[in-house]
Amino acid sequence: MLNETVSEETPQKRGLFSRFRRQKEVKQRKREIEVPKKVKTSPRDLRGKLQRGKYPITDERYLTGLLGGRDQMVDVKGGPPVRASEIASRCFSQRRSFSSPDEVESTFYTSSWKTTVLRRLNLFPFPIKSPGRLSNRAGDITVEGVKVRDLASSLEYPISSTAELLEKLYIARKARRNP
C-alpha cells in the first residue's frame with residue numbers, strides 16, 4: 001500500500017475533462033461542416049403559420065383556418081398585421097391551388113387590393129348608384145386596413161367604371177389616413 005501512487009485525478013475530474021474535450025470536438029466539426037441557418041419564424045407570422053399546413057391547398061376556408069381563423073391578425077413582413085381572411089382572399093383571387101408555403105407567400109406579396117376588387121366586380125353592372133350595391137359585392141375587401149364597406153359611404157355616386165371606382169377608393173382611403 002505504501003508503493004501505490006495516488007492519482008490526483010478523480011473520476012469526477014476525468015468526466016469534466018472529457019466533457020470539455022467533446023465540446024471542443026463538436027465545435028471543430030461545426031467549423032468543418034457549414035450548417036445552413038434556418039429563417040427564424042414566430043408562430044404569429046405568415047411563414048410560421050403556413051409551415052404547419054398540408055399541401056396542396058385548394059380551399060380558401062382551409063387556408064383561413066390554417067392562418068388562425070377569419071378574424072385572426074397575422075404578422076406580415078414589411079407591413080401591419082393583416083386579417084387571415086384577407087390573406088386567403090387575396091391569394092385565391094390570383095390562383096386556385098398552392099403546393100408550398102413559398103407559393104402562398106409570394107402570391108400574397110404580389111397581389112393587391114386593386115386586383116381583388118377587380119376580380120370581385122367582374123361582370124358587375126355599372127354604373128353603381130348607391131353604396132349598398134358596392135358593399136354587398138365587395139364590402140369585405142380591405143383597402144390598406146379599411147374595409148370597402150366603410151369607404152363606400154364617403155364615395156361620390158354614380159360610379160361609371162371600374163377605373164373610376166378604384167381611383168375613388170384610393171382617394172377615400174388616402175383622405176381617411178390624412179384627415
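At q = 0.15 Å⁻¹, what log₁₀ I(q)/I(0) does a Debye calculation on the Cα points of region 45-179 give, no solvent, two decimals?
With one equal scatterer per Cα and no solvent, log10 I(q)/I(0) is -0.73.
If you bin the C-alpha pair distances of region 114-177 every 10 Å from 0, what whole percents do you get?
Per 10 Å bin, starting at zero, the Cα-Cα P(r) for region 114-177 comes out as 23, 66, 11, 0 percent.
Check each of the GluC sites (Glu not before Pro) in region 105-179 and keep only those in coil by DSSP with at most 12 other C-beta atoms within 10 angstrom; list them in order.
Numbers: sites: E105, E144, E156, E164, E167; in loops: E144, E156.
Within region 105-179, the qualifying GluC sites (Glu not before Pro) (loop, at most 12 other Cβ atoms within 10 Å) are E156.
List the trypsin sites (Lys or Arg not before Pro) within region 43-120 that fall in a DSSP loop (any state other than H, G, I, E or B) and whose Cβ has at most 16 other Cβ atoms within 10 Å.
Values: sites: R44, R47, K49, R52, K54, R61, R70, K77, R83, R90, R95, R96, K114, R119, R120; in loops: R44, R52, K54, R70, K77, R95, R96.
Within region 43-120, the qualifying trypsin sites (Lys or Arg not before Pro) (loop, at most 16 other Cβ atoms within 10 Å) are R44, R52, K54, R70, K77, R95, R96.
Structure shown: which of K54/K77; K147/K174; K49/K114 lie over 21 Å apart, alpha-carbon to alpha-carbon?
K54/K77; K49/K114
If R₀ is 30 angstrom, what is the calculated FRET efficiency for the pair K77 and R119, using the beta carbon separation as r and rounding to 0.05?
With a Förster radius of 30 Å, E is 0.75.
Distance between Cα centroids, region 91-138 to region 155-176: provide it in whole Å.
16 Å
At a Förster radius of 30 Å, what calculated FRET efficiency corresponds to the Cβ-Cβ distance of S106 and D59, to the nearest 0.05?
FRET efficiency, S106 to D59: 0.95.
We did not get these values from a lab; they are worked out from the coordinates using the rules stated. Everything numeric here is computed off the predicted structure, so don't read it as measured data. As a convention, Cβ positions derive from the backbone with ideal geometry for all residues, glycine included, and neighbour counts pool all protein chains shown.
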